[in-house]
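Beneath this line is the structure, given in structure tokens, with notes to follow.
Please treat every number below as a calculation from the coordinates, not as lab data. From a predicted model like this one, the values you see are computed outputs, not experimental measurements. Neighbour counts are summed over all protein chains in view; Cβ atoms, including those assigned to glycine, are modelled from backbone coordinates with ideal geometry.
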Amino acid sequence: MNWLRHRKWIAHLWGWAGAVSIRTKIFGIVLGSTLLLSLGFTVQVRLALANFLQGEARAQGTSIARDVAARSADLILINDLYSLHQLLNEIQTNYANVRYVFVVDPQGQVLAHTFGNTGFPLSLLNINQVSPGEFQSTKVLQTDEGLVWDVAVPIFDGKAGTVRVGISDAQIHKTLQMLTSQLLYTVVLVLVGSLLAATSLTWILTRPILNLVEATGKIAQGDFSPRVARWANDEIGDLAVAFNQMADELSRTDELRREREQLRRQLLEGVISAQEDERRRISRELHDGTSQSLTSLIVGLRMLETESDLEKVSQQAHTLREVVRQTLEEIHGLAVQLRPSILDDIGLVAALEHYAHEYQNRFQIGIDFQTLGLDAKQRLPAPVETSIYRIVQEALTNAAKYAQAKHISILLKQSQGMVSTIIEDDGGGFDAAHILRTGLKESKLGLYGMQERASLLGGQVVIESTPGHGTTIYVRIPLERATNAKNTRHAGR
Ligand SMILES: Nc1ncnc2c1ncn2[C@@H]1O[C@H](COP(=O)(O)OP(=O)(O)OP(=O)(O)O)[C@@H](O)[C@H]1O
Ligand SMILES: [Mg+2]
């Protein structure tokens, strides 16, 4: 229960201390500890000095009383009270802290004293007595004027009387007062010094931190330009360097992100305009090819209606059949170009085989298509099939357009949860690094599109080509991620 209460208090205290700024904390710590240290020191010194001075006062009282006892013995024996009086007055004058001196005879009669006209206070008489066999006796008296050490010393072993000396603490008091005020004065000076030190310390310590806080705030709002100066070679300096590195990295990443965004936009625009071109082409082809064929079919059929010669009818029917076959082929060609629906029907391996076959016929370029780790009927996640199909299509189109290749080899491989494709042509090659850097600016979207397709599935495309040495394109796509995205067959098939 107690422990719980303590914890509550500590949490409360921490809540309060944690809420103030670092500047206030440093100020508080420096000033608080300086004040505590200085005041503790003052109290300690004052106590030690008071003890020492009090011991000194007792010793001085005893030595004065012994001196008076020795010097007054003869005067008492010859009963020279006047000289005794003189002696006592001389002692009081010589020692500032001697409050009084008096001598009493063995019967307790006061022979001489230093109280002058005010009269001897009788209450003093029996307060302090030396017991037989003792050399002195000291008593501490509480008086209106402060503490008094009353020292009694016997004269001639008490046969000639007793000397009593009262040592006042007024002098000690004064000395202590003086010392304390000097120490307090020093404390004030030390406090002013530490105030200045705390101000410069907080400035030195918090300035770079405040700079960091300000710069971090700007970065949080998306402005990556601020950098902070390294003030010193300490931990905060290291933090500043690390912060600058982080800001550099963030600004580089941001630039890269912007660039990629720009590229994506261009790609999208390219895709849209490519779609428009495609539509125009199909519409033209439908108009110029299919419509023409269908028109000639109508014309032919109309002629058939009126034809009576059977031989001509049969000839005409043959021609019309040929027109229909051609139209059918054209429509089929258009459908295949529009969407590789055979991917859905027969899978990637068969679709690529089919495409390669058609490509060979069209461009007279030999294709060697091999698979490893997957058979003809095996299906991969739909996004992977589409992407690989489109990448191979683009690579082969480029090879036909630019490479003047004689032979192309395609390898499709599945292993360790990864599908890899290698497309290699023996054509003229090109400066791949340069084209990848500048291609997009010139609206060359093919190679970039390959990379985008692969990266959307967590994979990558590496293009190796040097002018005069053919081109090899390596595609790697992980299956796991694509399987997760299986149901989201993405657009652009
Ligand atoms: N296999 C290849 N052999 C030789 N040069 C190639 C090959 N593939 C690409 N290139 C060169 O790289 C350039 C960029 O190709 P990319 O496919 O990105 O654009 P494109 O084919 O010109 O246009 P798009 O594909 O957008 O219609 C091509 O213009 C060509 O100069
Ligand atoms: Mg291309």
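Between the helical axis of 446-456 and the dominant principal axis of the chain, each derived from Cα atoms, what acute angle in degrees is found, rounded to the nearest 10?
The angle comes out at about 50 degrees.
With the alpha-carbon atoms as the only input, what is the per residue convex hull volume for the range 1-131 in Å³?
236 Å³
In whole percent, what relative contact order does the chain give with Cα contacts below 8 Å and a gap of six or more residues?
Working: 568 pairs, mean separation 45.8, N = 493.
Worked out over the chain, it gives 9 percent.
By its C-alpha gyration tensor, with a ≥ b ≥ c as the square roots of the eigenvalues, how is the range 406-482 shaped: rounded for a/c under 1.5, else prolate for a/b larger than b/c, else oblate?
oblate
If packing is taken as the mean number of other Cβ atoms within 10 Å per residue, what is the order of 55-66, 373-384, highest first?
55-66, 373-384
Can you give the convex hull volume per residue for the Cα atoms of the chain, as a whole number of Å³?
In the chain, the Cα hull volume divided by residue count equals 330 Å³.
Treating the angle as unsigned and between 0 and 90°, give the value, to the nearest 10°, between the Cα long axis of helix 81-94 and the longest Cα principal axis of the chain.
20 degrees
What do you get for the angle between helix 382-398 and the principal long axis of the chain? Use alpha-carbon atoms, 0 to 90 degrees, nearest ten.
Taking Cα atoms only, the helix is inclined about 60 degrees.
Would you mind giving the three semi-axes, in whole Å and largest first, of the ellipsoid equivalent to the range 256-380 according to its Cα gyration tensor?
42, 24, 11
For the range 346-493, report the convex hull volume of the alpha-carbon atoms normalised per residue, in Å³, without decimals.
Value for the range 346-493: 106 Å³ per residue.
Scan around VAL419 for amide H atoms under 5 Å from its own, H built in the peptide plane at 1.01 Å from N, and keep only partners 5 or more places away or cross-chain.
Under 5 Å from the amide H of VAL419: ILE477, LEU479.
Given the -39500 (n - 2.57) contribution per DSSP H run of 4+ residues, what per-residue ellipticity at 222 nm results for the chain, rounded to the nearest 500 deg cm²/dmol?
-21500 deg cm²/dmol
Give me THR421, THR306 sorted ascending by neighbouring Cβ count inside 10 Å, so fewest comes first.
Final ranking by Cβ density, sparse to dense: THR306, THR421.
If I stretch the segment between ARG379 and LEU256 completely, what's the gain in nm (0.36 nm per residue apart, minus their alpha carbon distance), one decimal?
40.7 nm
Using Cα pairs under 8 angstrom and six or more residues apart, how large is the relative contact order of the range 21-181, in percent?
RCO, the range 21-181: 27 percent.
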